[in-house]
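The values are calculated or read from the model by the stated rules, or taken from the named source; none is laboratory data. These numbers come from a predicted model, not from an experiment. So basically every Cβ, Gly included, is an ideal-geometry build from the backbone, and we count neighbours across all protein chains shown.
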Amino acid sequence: MTDTFRAIRVSKGEAGPKADFVNLTEADLMEGDVTVAVDYSTVNYKDGLALTGKAPIIRSFPLIPGIDFSGKVEKSSHAGFKPGDRVVLNGYGVGEGHNGGYAQKARVKGDWLVKLPDAISNERAMAIGTAGYTSMLCVLALEKNGVTPDKGDVLVTGAAGGVGSVAIALLSKLGYRVIASTGRASEADYLKSLGASDIIDRNELSAPGKPIGKERWAGAVDAVGSHTLANVLAMTKYGGAVAACGLAQGMDLPASVAPFILRGVTLAGIDSVMAPMEKRVEAYKRLATDLDMKKLDAMSFRAKLDDVPKLAEEIIAGHVRGRAIVDVN
Ligand code: NDP
C-alpha cells in the first residue's frame with residue numbers, strides 16, 4: 001500500500017452530513033497505539049443513521065464513519081498486540097467520535113481491539129459485524145436469565161435484519177425453537193433456512209396493545225423497541241426474559257409494569273458499544289463455536305466501499321437482508 005489510503009469522510013454540510021471519497025495519509029488519523037490495515041467493514045443500522053444524517057451519530061467533523069472493522073495490526077506500541085495480529089473492533093465510539101472502519105487504515109486504542117479466534121476469518125468477522133456480535137450478547141443475556149431451550153419458544157423481532165438474522169442462526173443451533181417476526185413475508189423461506197420454525201407478521205406486534213396478554217414465548221431478542229417491545233413483554237411467559245437491543249420501530253417504550261410484577265419477566269438491556277472487554281471476548285469465543293458459518297455465509301453479501309452510501313439509505317429504509325461485508329481494498 002502506498003502512503004495514501006482511501007476512505008469515506010463525512011463533513012458537516014448545510015443540509016446535513018456530506019460523505020466524500022477521499023485519499024488520506026496517516027497524519028489524518030486520530031490518536032491511538034495500534035495502527036490496523038483494515039480488510040473489511042460492514043453497514044450496520046447505526047452506520048445508516050450516521051451517513052444519512054437521520055440521527056446525530058457523528059459527533060466530530062470531519063470523520064471517517066464505520067462503527068466496526070476487521071484487519072491486521074500493522075504497528076503497535078500496545079503490549080497486547082503485535083504486527084500481523086488479526087483483530088476486530090466494534091463500537092467504543094469508533095465511527096461516531098473517532099475515525100472508523102470505512103478506510104483502508106485505522107489508528108485506535110489497543111484496549112478497544114479483540115483478537116479474532118482462529119475459527120473466524122477477517123471476512124466473516126464483518127459478516128458478523130456489530131449486529132451479529134450484539135445478537136450474541138442478547139443470547140448470552142437470555143442464558144444468564146435462565147431462558148433455556150426447554151423453557152419454551154424464543155421470539156426474534158426485526159428478523160430479516162442483521163441482528164435478527166444472526167440471532168435466529170445462533171438460537172436455532174443452540175436448540176431453541178425460534179419464532180421470527182418480520183414485515184417481509186417474502187423472506188419466510190430465508191428465515192426458515194436460518195432456523196426459524198414459525199414466522200409471524202410484525203404488524204401483530206407493532207400497534208398499541210394490552211398491558212398483559214397470552215403467554216407466547218419464554219424469551220425474546222428485540223431489535224425493534226417501541227410498541228413492539230411493549231407487546232413482546234406483555235406476551236412473555238412467567239419468569240421469562242427479553243433482551244432489548246434495538247429501536248428500528250422507535251426509541252419509546254409505551255409499556256406497563258404488568259409483565260414485571262405479575263409474571264416476573266426480566267427486561268435485559270444490551271449495549272455493544274461500551275460492553276466490557278471480558279464480555280466481548282466471551283461473545284467472540286461463543287460466536288466461534290455457536291454460529292453456523294454456512295448460515296452466516298448464506299445471510300451475507302459482498303460490497304465495496306463505493307456501495308456504502310447506497311447501502312446506508314437501504315438499511316434505513318429496511319431493505320437490506322442480512323449482512324453486508326464491505327471490502328475496503
Ligand atoms: P437492520 O436494518 O439490518 O434490521 C432492522 C430490522 O428491523 C429490519 O430489517 C426490519 O426487519 C425491522 N424493522 C425496520 N423498521 C421497522 C419498523 N418500523 N417496525 C418494526 N420493525 C422494523 O438493522 P440491524 O440489525 O443492524 O440493527 C437492528 C437494531 O438494533 C437497530 O435499531 C440498531 O440500532 C440496533 N443495534 C443496537 C446495538 C446495541 O449495542 N444495542 C448494536 C447493533 C444494533 P423485518 O424486515 O424482518 O421486519
inquiry  = Going by what's in this entry, would G213 be described as more than 14 Å from the ligand (Cβ to nearest atom) and either crowded, with 24+ Cβ neighbours inside 10 Å or not assigned by TED's automatic domain parsing to the domain that holds V156 (or both)?
reply    = no
query = Does A160 count as part of a loop (DSSP other than H, G, I, E, B), among the hydrophobic types (A, V, I, L, M, F, W, C) and within 17 Å of the chain's Cα centre (by Cα)?
reply = yes
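Anything in the stretch 89-111 that is among the small types (G, A, S), within 16 Å of the ligand (Cβ to nearest atom) and either more than 9 Å from V273 (Cβ to Cβ) or in contact with a helix residue (DSSP H, G or I) (Cβ under 7 Å, 6 or more places away or on another chain) (or both)? List them, or say none. Let's see the steps before the verdict.
Pass one, the stretch 89-111, residues among the small types (G, A, S): 91, 93, 95, 97, 100-101, 103, 106, 110.
Next cut, within 16 Å of the ligand (Cβ to nearest atom) only: 91, 93, 95, 97, 100-101.
Hits for the stretch 89-111 are G91, G95, G97, G100, G101.
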query = Out of the stretch 113-134, which residues are over 15 Å from M293 (Cα atoms) and not in a loop (DSSP other than H, G, I, E, B)?
reply = V114, K115, T130, A131, T134
query = For the stretch 133-143, how many residues are farther than 25 Å from L113 by Cβ and either in contact with a helix residue (DSSP H, G or I) (Cβ under 6 Å, 6 or more places away or on another chain) or of a type in the set (D, E, K, R) (or both)?
reply = 1
note = Listed by range, helices (runs of 4 or more DSSP H) wholly within the stretch 229-329 having at least 2 residues that are of a type in the set (S, T, Y), more than 16 Å from the ligand (Cβ to nearest atom) and buried (at least 18 other Cβ atoms within 10 Å of the Cβ) are none
query = Taking G66 and the conditions (1) in a loop (DSSP other than H, G, I, E, B); (2) touching a residue at least 24 places away in the same chain (Cβ under 8 Å); (3) farther than 17 Å from M274 by Cα, which numbered condition does it fall short on, given that it satisfies the others?
reply = (3)
query = Looking only at residues in the stretch 24-54 that are in a loop (DSSP other than H, G, I, E, B) and either within 16 Å of the ligand (Cβ to nearest atom) or among the basic types (K, R) (or both), which one is nearest to V273 (Cα to Cα)?
reply = N44
